[in-house]
Amino acid sequence: MAELISVIVTTYNREDALDAVLRSLERQNDLAFEVIVADDGSGAATAALVERRKAAFGRRLEHVWHSDEGFRAAEIRNRAILAARGMYLIFLDGDCIVRPDFVAAHRRLAEPNWFVTGNRVLLSRDLTAKVLRENLAPEVWSGVRWLSERFHGGVNRLSGLLNLQLGPLRRLRQGIWEGARSCNLAIWRSDLDRVDGFDADYSGWGKEDSDIIARLLHAGVRRKDGMFAMGVIHLWHPEADRSRLIENERKLAEVTEGDRVRARRGLSSLQSIAAGTRGAS
């Protein structure tokens, strides 16, 4: 039996996009996975959507939520990690549709002491609206359909959807943190424990994903390039509030210029809070 993989999907108040992502996960040809929706404080509609999807999903689908106190993606991902049962975790954003071989492709590239960074293509605002309005399934579109959408400006590029056997070329960027994103990222649970997960010291949009990549590299975990293997289809969204970006860039610089491995506020912080709560009850 194949080892269970946990797919952690981060979301915030965008039920139409999350529904499209969950539908694409239902089409996976590798069935040995579970999904944890990491909800960064959405309203009740997101929980209701997940509950509706559970009956037909065919595998474990859980909803992990914390209160809305601003952009806290790092912390909600950590909460989802603690709820996950798999030993290999794939992080995916709630506006990134996946093709049917997504989980299988990540499984093929999984290797101890390596994490895998995937790529994406970006849909235009108009095509995103059409996909969501008409419940389209771009994850199963033919090459001809994608060529047409590219010609009409519906997608920024097609190279990210190619499947190529790159072999040793996947290791060329093994020590580089730049360019890796948590919208398509796979990490072993044991390696997440080594670095204490994401750092919830980051609040507001930006750089919490670069931070964990840099700390994984400090810990001796190498980067494997998943480009041309498991590209995701990223739905358009308005630009996030970047008012905390300068502060987050300062925090990241401290990590990349140093050698710190563990998060300042990571998995162990949540575990300590949980233990304290149990002790007080």
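The values are calculated or read from the model by the stated rules, or taken from the named source; none is laboratory data. Everything numeric in this text was worked out from a predicted model, so none of it was measured. Because the Cβ atoms are built from the backbone with ideal geometry, glycine has one as well, and the counts that use them run over all protein chains shown.
Restricting to region 204-224, give me the number of residues that are closer than 30 Å to ASP68 by Cα, of a type in the set (D, E, K, R) and touching a strand residue (DSSP E or B) at 6+ places or on another chain (Cβ under 9 Å).
Of the residues in region 204-224, 1 are closer than 30 Å to ASP68 by Cα, of a type in the set (D, E, K, R) and touching a strand residue (DSSP E or B) at 6+ places or on another chain (Cβ under 9 Å).
Mind telling me which of the residues VAL221, VAL232, VAL255 ends up being buried (at least 19 other Cβ atoms within 10 Å of the Cβ), more than 19 Å from the chain's Cα centre (by Cα) and either at negative phi or β-branched (Val, Ile, Thr) (or both)?
One residue alone meets the criteria, VAL255.
Suppose we keep only residues that are of a type in the set (A, V, I, L, M, F, W, C) and under 20 Å from GLU111 (Cα atoms) within region 198-218. Which one would you say is surrounded by the fewest Cβ atoms within 10 Å (Cβ to Cβ)?
Checking each candidate, the answer is LEU217.
Just for region 40-86: of the residues that are among the aromatic types (Phe, Trp, Tyr) and either touching a residue at least 60 places away in the same chain (Cβ under 8 Å) or farther than 14 Å from LEU270 by Cα (or both), which one is surrounded by the most Cβ atoms within 10 Å (Cβ to Cβ)?
Checked region 40-86; the qualifying residue surrounded by the most Cβ atoms within 10 Å (Cβ to Cβ) is PHE71.
Tally up the residues in region 240-281 that are at pLDDT below 90, part of a helix (DSSP H, G or I) and within 23 Å of ALA80 (Cβ to Cβ), please.
Counting residues in region 240-281 that are at pLDDT below 90, part of a helix (DSSP H, G or I) and within 23 Å of ALA80 (Cβ to Cβ) gives 8.
Which ones in region 60-92 are among the aromatic types (Phe, Trp, Tyr) and either touching a helix residue (DSSP H, G or I) at 6+ places or on another chain (Cβ under 8 Å) or at positive phi (or both)?
Those that are among the aromatic types (Phe, Trp, Tyr) and either touching a helix residue (DSSP H, G or I) at 6+ places or on another chain (Cβ under 8 Å) or at positive phi (or both): TRP65, TYR88, PHE91.
Being within 19 Å of ILE76 (Cβ to Cβ) and surrounded by 16 or more Cβ atoms within 10 Å (Cβ to Cβ) is the filter here, so list the residues in region 235-250 that pass it.
Listed by number, the residues that qualify are ARG244, ASN248.
In region 130-179, how many are aliphatic (A, V, I, L, M), part of a helix (DSSP H, G or I) and without any contact (Cβ under 8 Å) to a residue 60 or more places away in the chain?
So the answer is 3.
Suppose the filter is acidic (Asp, Glu) and surrounded by fewer than 14 Cβ atoms within 10 Å (Cβ to Cβ); does GLU134 pass it?
yes
Hey, among the residues in region 179-195 that are more than 23 Å from ARG120 (Cα to Cα) and not aliphatic (A, V, I, L, M), which one's surrounded by the fewest Cβ atoms within 10 Å (Cβ to Cβ)?
SER190
So, in region 116-129, how many residues would count as being in a helix (DSSP H, G or I) and surrounded by 15 or more Cβ atoms within 10 Å (Cβ to Cβ)?
The total comes to 2.
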